[in-house]
Amino acid sequence: PPLDKSKVDYSLYLVTDSTPKILPAGRTVCDVVEAALAGSAAAPGGGVTCVQYREKHADTGGMIARARQLHAITRKYGRPLLINDRVDVALAVGCEGVHIGQDDIDVQTARKLLGDDKIIGVTVSNAEEIEAACRGGADYLGIGTVFATTTKENTKSIIGTEGLQQLLQKLEDIKSPVKTVCIGGLNKSNISRVLWQSTTPSGRSVDGVALVSAIVAAPEPGVAAAELLRVVKSPPAFAKLAPTQEQLRRPPQDLTELIPEVIKAVDSKKPLSHNMTNLVVQNIAANVALCVGASPIMANYGEEAKDLAKLGGALVVNMGTVTPEGLENYQKALKAYNETGGPIVYDPVGAGATAVRRSATRFILGAGYISVIKGNQSEILSCLPGGSSIQQRGVDSSADSSDLAGLALSIRTLASQRRNIVVMTGKTDYVTAGEAVYAVDNGHEYLGMVTGTGCCLGTTLSAMVAAYPQDGLAAVLAGLVMYNVAAEIAAEREDVHGPGTFVPAFLDELWQLRRRTVLGDIGWLGRAR
Ligand code: 3NM
Ligand code: MG
C-alpha cells in the first residue's frame, strides 16, 4: 500500500552521499540505506525513519536505476524515499516524494507535477523562505545550515541553534502545521543539545534531525543510526534542570521565601562543586565553597570529569586562564556533565577582552548545554551571537551601561536562546530564565576591590544549583542574595577596615549565614533587596 504522508515519521532522516569523501570505499549507497533502516540488533527500535537520495554527480539513467533499488529497500521497512532536486526521477520511480532547495524547481510546479499525495520538502534558512515554502504547500521544511559542515558545498548561512529557534518561532507565529527537520553538522554528541536549545519558549521543536556524514561515514551505519535514534527519542539528562512555565515568572517574594530552603539543601547535601577555574582564585573559591557548605574540588583535567560528574555535584567552567589545552578539558567536562545531567555554571571571564576569549566563548557555548551563565555586563553581552560591540579593557567589569531596558532584553534573549539561567552582575545583579528579570541590590563595594569575588560567586551558584536542581532560578537567586548579604554584614564589622580585612570577614559571614539559617534564625533575610 502507498505510504500515508500524514503519518510519516521524520525523527531520524538520512540524506545519502556517494562521494568518496563521505562514503567509505567498498560501501554502496544501498548498503548504507539498508543498514541504517535496519538499525542494530543490539538496540531494538530500528534506525532511520526517512531517506533522501541525494546525488549531485550522476546521469539521469543511473540515478533512476539507483533510486529504484533504494525504493525497494525503503518499502521493505515502510519508510519513505525522497529524491533530492529531481521531480522527474521521483516520478519515474514512483517513490514518496522530493526534497527541493531554493535553487531548484519551485514548490507550486513540483506539486502540480507530483500531485497532493506526494511529499515535498523544501530547504529554508530564513523567514522569507519559510513563508514562501508554506504558502506553496510544502509538507516539511529542512532548516539549516545549523552548524558548519564540509559535507555540502556552498552552504549559505550558518544559523546555529539560535537561528533554528527563531525560525521555529516564525512557524509558530504564522501558525503553520508544517513538519520540520534540521540539518548541518549534526551528530550524536550535539543533537540532544540542538533539539533542546532550539525549542521555542512555548514548546515548538523540530520533528526530526537530518544527517549525512554521521551515518554514511560511520564505521557501522546501522549501529550509528540506532544510537542516533535513541538520542533523538529520549529527553536529555539535563532537561530536568529546565524551569517550568510557572517557575519562570514568580513574584520576587516567592523566590525570597525559598532562600532558606536552598541554603539548608546545600548544608545537608554537601554537593560537590567541581571547579575548572583560573590560577588566581583556586584557593579562595575552594574556601567559599566550604563556607556555603559545599564540597569543593579544583580539577582542571578534563579526563577526570567523567568520574566526578557521577557524584551528583555541579561543574564550574571559569575561563579566567584560557589555553588551547584548557578548551579541550572544558569540552570533555561539559560532555561528562551533560551525560549525567549535572548542572554547569559558565563564567566567561573577560569574554569580550580579546579575540582568543571571544572565540573561546563561542567554543564553550557550543561544546555542551550550560545551565547557568554568570558574568558582568560585557561578558554576558559577549555570549550573544555576534558578540558584543562593547570592548572590554581587562577582565574586571567595565563601566555599566545605563540602558536598563536594553540590558534586560539582552539577558532575556540570551536565556531564551540557551534555555538556561543568566546572571548579569554589576552594582545591581540581574537574573532571568528568559521571562521575568529579577534584580538583586545587595552587595558591597569591597567585593569589587579584591580579586576573585566574581569567580567565587560562580562557585557559590554551582553549590546552590547542585543541591536544589528542582528549581534552578530559586537556587541561583538564593546564592546571589546570600553572597551579597554576607558581604554587607562583613563590610560593616568593626574589625574590617578595607579590602584586606574584608576577605576573612566575608568568609566568616558566609559561614555564619549558613549556620544561622540551618538553626532557623533567618532574621538576616530582612536585608534582602
Ligand atoms: N543540506 P552533515 S547541509 C545536504 O544546510 C545538506 O541545507 C544542508 O551533512 C543545508 O550531516 C547538508 O554531514 C549536509 O553535516 C549535511
Ligand atoms: Mg537542491
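The values are calculated or read from the model by the stated rules, or taken from the named source; none is laboratory data. Being a predicted model, the structure only gives us computed values, none of them experimental. Virtual Cβ from ideal backbone geometry, glycine too; neighbours counted across all protein chains shown.
Mind checking which residues of the range 27-44 are at pLDDT 95 or above and either within 15 Å of ligand 1 (Cβ to nearest atom) or more than 29 Å from the chain's Cα centre (by Cα) (or both)?
Selection gives Arg27, Thr28, Val29, Cys30, Asp31, Val32, Val33, Glu34, Ala35, Ala36, Ala38.
Output yes when any residue across the range 60-73 is within 16 Å of ligand 1 (Cβ to nearest atom), of a type outside the set (A, V, I, L, M) and surrounded by 15 or more Cβ atoms within 10 Å (Cβ to Cβ), and no when none is.
No, that holds for no residue.
Condition first: touching a Pro at 6+ places or on another chain (Cβ under 8 Å), of a type in the set (A, V, I, L, M, F, W, C), in contact (Cβ under 8 Å) with a residue 40 or more places away in the chain and more than 22 Å from Glu153 (Cβ to Cβ). Can you find one or more residues in the range 39-46 that meet it?
no
Would you mention how many residues in the range 43-57 are surrounded by fewer than 18 Cβ atoms within 10 Å (Cβ to Cβ) and in contact with a helix residue (DSSP H, G or I) (Cβ under 7 Å, 6 or more places away or on another chain)?
Total meeting the criteria: 2.
Within the range 183-200, can one find any residue that is more than 30 Å from Pro20 (Cα to Cα) and not in a helix (DSSP H, G or I)?
Yes: one or more hits.
What's the number of the only condition in (1) in contact (Cβ under 8 Å) with a residue 12 or more places away in the chain; (2) under 17 Å from Asp254 (Cα atoms) that Gly526 fails to meet?
Condition not satisfied by Gly526: (1).
How many residues does the range 138-189 contain that are free of Cβ contacts under 8 Å to residues at least 60 places away in the same chain, within 16 Å of Ser213 (Cα to Cα) and more than 8 Å from ligand 1 (Cβ to nearest atom)?
Counting residues in the range 138-189 that are free of Cβ contacts under 8 Å to residues at least 60 places away in the same chain, within 16 Å of Ser213 (Cα to Cα) and more than 8 Å from ligand 1 (Cβ to nearest atom) gives 4.
Are there any pairs with C-beta distances below 9 angstrom linking a residue in the range 318-334 that is of a type in the set (Ser, Thr, Tyr) to a residue that is surrounded by fewer than 19 Cβ atoms within 10 Å (Cβ to Cβ) and part of a helix (DSSP H, G or I), with the two at least 6 apart or on different chains, and if so which?
If the second residue must be surrounded by fewer than 19 Cβ atoms within 10 Å (Cβ to Cβ) and part of a helix (DSSP H, G or I), the pairs left are Tyr330/Phe363.
Within the range 227-242, does at least one residue satisfy the condition of being over 26 Å from Ala138 (Cα atoms) and of a type in the set (Phe, Trp, Tyr)?
Among the residues of the range 227-242, at least one is over 26 Å from Ala138 (Cα atoms) and of a type in the set (Phe, Trp, Tyr), which makes the answer yes.
Hey, among Lys156, Lys170, Lys175, which residue is on the phi < 0 side of the Ramachandran plot and away from ligand 2 (no atom under 16 Å from the Cβ)?
Only one candidate qualifies: Lys170.
Take Leu81 and tell me if it is of a type in the set (A, V, I, L, M), at pLDDT 95 or above and under 15 Å from Gln52 (Cα atoms).
Judged against the criteria, Leu81 is a match.
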